[in-house]
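Down below is the structure, laid out as structure tokens.
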Amino acid sequence: MLSPRCFSSLVAFLVLISLLMGFGPSAVAQTWVPAASMATPRYWHAATVLQNGKVLVVGGDMGGYNFVSSPELYDPATDTWSPAGIMPLPRFGHNASLLPNGKVLVTGGWALVGNTFTNAEFYNPATNTWSSAAPMVGGRYGHAQVSLPDGKVLVAGGWNNAWLASAELYDPATNAWTPAASMTQARHGIWSNATVMTPPPIPGAPQRPWSRPGATPLARWYQTEWSW
């Protein structure tokens with residue numbers, strides 16, 4: 001058993017090693033600095049980092065159900081915003097994912113009372129244009145959305161006159177949606193609270209995304225070869 005002095009020395013040594021290896025607090029203070037303001041104020045929008053390092057901001061509400069149809073691009077190299085075309089449908093409560101081909105898939109959302117979208121759209125950074133994607137099986141907003149390692153996109157939960165437990169898979173190769181296994185608990189307002197776990201928590205199991213809504217302490221796993 002280590003004496004208190006030896007234990008203290010060991011702890012100090014481990015802290016020193018962690019700092020030298022970059023695992024400890026940085027010597028440079030981490031702070032927030034202002035960035036350039038968007039041309040259009042908005043909330044409940046979606047933001048996606050593109051392959052070129054720029055950030056696409058899509059949709060949202062300016063307040064009073066004044067929904068935004070003008071996306072914007074942020075360039076961190078110049079700290080500037082520029083227009084990113086015009087979405088066919090203004091919306092908020094939608095979600096967006098970057099696809100392997102560099103395009104962004106925007107799904108669902110809400111614009112008017114009782115009007116929950118099934119439609120989906122592509123943004124192409126190469127041409128700064130929008131085009132239609134196949135519509136989802138069911139309309140939803142406030143849902144989670146995540147790109148999977150195989151290139152497909154999982155959409156889960158949300159709201160459509162009630163909290164949803166349903167989920168869908170989008171295949172960019174076929175531009176088609178198929179139902180996925182429903183979650184064991186319906187949930188809404190989870191937006192971007194989904195991610196792909198790497199490495200898998202179970203040795204030998206495929207990668208799987210998970211959702212953690214703020215309204216419930218329960219988490220759910222979706223495994224691409226299994227179920228929730």
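Here, each number is a calculation from the coordinates, and none is a lab measurement. Please read these numbers as outputs of a predicted model, since none were measured by experiment. Please note: Cβ atoms are built from the backbone with ideal geometry, for glycine as well, and neighbour counts cover all protein chains shown.
Expressed as a fraction of 2.2 N^0.38 Å, the value expected for a compact globular protein of N residues, the C-alpha radius of gyration of segment 96-165 is 1.13. With R₀ fixed at 41 Å, the C-beta to C-beta distance from residue 79 to residue 150 puts the FRET efficiency at about 0.70. Between residue 181 and residue 131, the C-beta separation translates, for a Förster distance of 22 Å, into a calculated FRET efficiency of about 0.15.
Among residues other than residue 110 whose Cβ falls under 10 Å from its Cβ, what is the net charge (Lys/Arg +1, Asp/Glu -1)?
Values: positive: 91, 140; negative: 61.
Around residue 110, the charge tally is +1.
Karplus-based coupling profile of segment 92-107, in residue order and whole Hz: 9, x, 8, 8, 8, 9, 7, 8, x, 7, x, 7, 10, 9, 10, 10, with θ = phi - 60° in 6.51 cos²θ - 1.76 cosθ + 1.60 and x standing for Gly or Pro.
Subtracting the Cα-Cα distance of residue 43 and residue 161 from 0.36 nm times their residue separation leaves 40.3 nm of extension gain.
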